[in-house]
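The values are calculated or read from the model by the stated rules, or taken from the named source; none is laboratory data. In this text the structure is predicted, and so the values were computed from the model without any measurement. Every residue, glycine as well, gets a Cβ built from its backbone with ideal geometry; the counts of neighbours run over all protein chains shown. Remember, those area values only see protein heavy atoms, side chains included, never the ligands or the DNA or RNA. Shrake-Rupley method; radii C 1.70, N 1.55, O 1.52, S 1.80 Å.
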Amino acid sequence: MSNFRIGFGYDVHQLQPGYDFWLGGIKLEHHLGAVGHSDADVLIHVICDALLGAANMRDIGYHFSDQDPKFKGIDSKILLKEVMKLIREAGYEVGNIDTTICLQLPKVNPHIPAMKTCLSEVMDVSEGDISIKATTTEKLGFVGREEGVSAYCNALIYKV
């Protein structure tokens, strides 16, 4: 068995007025926010799923059910810290993560450095091991109509 494992994560959250918009652990100013049981941070959710998948530990919903009231409104950074604890207890460390956020507005690129810093601190990994990219969908689909946000993540972990 290889010492390296790859995981993949994908998530979507609806955007609506009256909600905060958390992305990559930071709050963005926008007239729409992400809807979810937790703080609906789509970027952190895909990172959690990719890491858990790489370690063969199921997914974020398995560990932090949206049916459990103790997770209602929870800061997703807390969930990511717990995922890091789980994979480290299983003997893994993060090689790198590569993410893509699909969002029409607000523009994400100005916020990427702050997101990388935040995620690096939460995960206790180097900022150089975290890649965050952003794209629009050229006004196509639910992202283009500003009805939602989606994100993808690949994660490489290795046995220590």
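Rounded to the nearest 20 debye, the dipole size of the chain about its Cα centre is 160 debye, using +1 on the Cβ of Lys and Arg and -1 on the Cβ of Asp and Glu. Using a probe of 1.4 Å, the accessible surface attributed to His63 totals some 60 Å² when neighbouring protein chains are kept in position. Residue separation of Asn109 and Phe4 scaled by 0.36 nm, minus their Cα-Cα distance, works out to 34.8 nm of gained length. Across the chain, the longest run free of exposed loop sites, meaning GluC sites (Glu not before Pro) lying outside DSSP classes H, G, I, E and B with no more than 10 other Cβ atoms within 10 Å, spans 30-137. Just so you know, the averaged projected area of the alpha carbon convex hull for the chain sits at 9.0 nm². Within the shell defined by Cβ-Cβ distances under 12 Å, the residues around Ala151 carry a net charge of -3, with Lys and Arg each +1 and Asp and Glu each -1. Taking the accessible area of segment 1-106, probe 1.4 Å, and keeping the other protein chains in place, the carbon and sulfur fraction comes to 51%.
Only helices enter this figure: runs of n ≥ 4 DSSP H residues, each worth -39500 (n - 2.57), summed and divided by the residues of the chain, yield -8500 deg cm²/dmol at 222 nm to the nearest 500. Of the trypsin sites (Lys or Arg not before Pro) found in segment 20-94, those that fall in a DSSP loop while having at most 13 other beta-carbon atoms within 10 Å are Arg58, Lys72. Count charges around Leu28 for me, please; just the other residues with Cβ under 14 Å from its Cβ, Lys/Arg as +1, Asp/Glu as -1. Net charge in that neighbourhood comes out at -3. Any idea how far the Cα center of segment 49-121 sits from the one of segment 122-139, in Å? Using only Cα atoms, the two centres lie 11 Å from each other. Each principal axis of the Cα cloud of segment 1-58 was taken in turn, and the coordinate range along them, longest first, works out to 48, 17, 13 Å. What does DSSP give for the chain in terms of the percent of beta bridges that are antiparallel, rounded to the nearest 5? Given both bridge residues lie in the chain, the antiparallel proportion sits at roughly 80 percent. Taking each residue as 0.36 nm, the span from Phe142 to Arg58 lengthens on full extension beyond its C-alpha to C-alpha distance by 27.5 nm.
Farthest toward the positive end of the dipole of the chain, out of Leu28, Val83, Ala55, is the Cα of Ala55, where the dipole comes from beta carbon charges about the Cα centre.
Give me the net charge for the shell around Gly61: Cβ to Cβ below 15 angstrom, other residues only, Lys and Arg +1, Asp and Glu -1. Spelling it out: positives minus negatives among the neighbours equals -4.
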